[in-house]
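Participant: One structure, pasted below without further comment.
No lab work stands behind these numbers, since they all come straight from the coordinates. Source: prediction; values computed, not measured. Note that we place each Cβ from the backbone using ideal geometry, even for glycine, and neighbour counts take in every protein chain shown.
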């Protein structure tokens, strides 16, 4: 029995060394039937007149909603590193993988001053639906 355990241990050690020297690593594959998921990113934030506008892009492998039933979610606007958003707005849209939304603007009027400001938009704020 000890001889079999020693042989098994030695065979395992040899295989581990072989894989490490040949730089072979096992590949993890996505399980069949696993859902494709969307991933929204904000690609641009800009001032358009006195409104703050932005563009969303779906960089995921799944769609955001569908043509018949767009997904409803919330986006948040932060100005100058505030802890809480200055504005949260509901958005309803469909975005295929790789798709980009037209310009979306917050219903928020803002006057920029002479100093430098930081504008940040967070997609899918608070609910994490997407």
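Participant: Under 1.5 on a/c is rounded, so check that first for segment 40-122, then, if it is not, pick prolate when a/b is larger than b/c and oblate when it is not; a ≥ b ≥ c are the square roots of the alpha carbon gyration tensor eigenvalues.
Facilitator: It is prolate, given that a/c is not under 1.5 and a/b is the larger ratio.
Participant: In nanometres, what is the gap between the two model label sites at residue 43 and residue 127, each 7 Å from Cα along Cα-to-Cβ?
Facilitator: 2.4
Participant: Arrange the following residues from fewest to most other Cβ atoms within 10 Å of their Cβ: 37, 93, 77.
Facilitator: Ascending number of Cβ neighbours within 10 Å: 37, 93, 77.
Participant: Give me the one-decimal nm value for the distance between modelled label points at residue 103 and residue 55, 7 Å along each residue's Cα-to-Cβ direction.
Facilitator: With each label placed 7 Å out from Cα toward Cβ, I get 1.1 nm.
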